[in-house]
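Here the structure is laid out as structure tokens; the discussion comes afterwards.
The values are calculated or read from the model by the stated rules, or taken from the named source; none is laboratory data. Everything quoted here is computed from the prediction, not taken from an experiment. Here the Cβ positions follow ideal geometry from the backbone for every residue, glycine too, while neighbour counts run over all protein chains shown.
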Amino acid sequence: MHFETDRLVMSKISNDDAENLVTVLSDPDVMKYSTVGVHTEKQILAYIANCQQQYLANGYGHWAVYRKEDNAFVGVCGLNNHQVDNEDVFHINYRLASEHQGKGYAVESTLGVLAFAKKTLKLKSVHALIESDNVSSVKVVNRTGFTFAKATVFRGFNVDVYQVTL
């Protein structure tokens, strides 16, 4: 299964993506605001297995993001389901390779995942959990229709919770 936006293709993550995932999940700059931190090779393989399990169990997860024009790996974007302040929420996250940041791909992949969440999963809302210092991600959610809902603690990190109604 995959879906597309104007410039991007988002497909299920597979073992074939392991080398590409290193450029994102092992990059300290990209993972600066991650609650799980920089990944080792072993953690990347576990990440792939978890993604595949999520597709089977839930029909969603993180997708590999590729640029249509040349099939360049851009990063990952997808959905998670977690409890935040005793409430089950679907939240979006994305990680783009450094070389692909600042080109609108985070906004475009976010809009693609939101369309999938609405059309295929029939979700009513999606959240984003962002550390307030992560100015780039705040800009992305503001450009994609999210609004600030509250500040809270998630996995020991102070985060701002944003929400969009689908």
*Of the residues that make up region 133-155, is at least one among the aliphatic types (A, V, I, L, M), at pLDDT 95 or above, in contact with a Lys or Arg (Cβ under 8 Å, 6 or more places away or on another chain) and under 21 Å from G61 (Cα atoms)?*
no
*Matching residues in region 122-155 - criterion: being part of a loop (DSSP other than H, G, I, E, B), farther than 20 Å from Q101 by Cα and in contact (Cβ under 8 Å) with a residue 60 or more places away in the chain*: R155
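Condition check ((1) out of contact with any strand residue (DSSP E or B) (no Cβ under 6 Å at 6 or more places or on another chain); (2) under 18 Å from V161 (Cα atoms); (3) in a strand (DSSP E or B); (4) modelled with pLDDT of 95 or more) across all residues:
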site	(1), (2), (3), (4)
Q53	yes, no, no, yes
V74	no, no, yes, yes
C77	no, yes, yes, yes
N81	no, yes, yes, no
N93	yes, yes, yes, no
*Could you list, in sequence order, the residues of region 19-51 that are at pLDDT below 95 and in contact with a Phe, Trp or Tyr (Cβ under 6 Å, 6 or more places away or on another chain)?*
T35
*Being modelled with pLDDT of 95 or more and out of contact with any helix residue (DSSP H, G or I) (no Cβ under 8 Å at 6 or more places or on another chain) is the filter here, so list the residues in region 1-15 that pass it.*
V9, S11
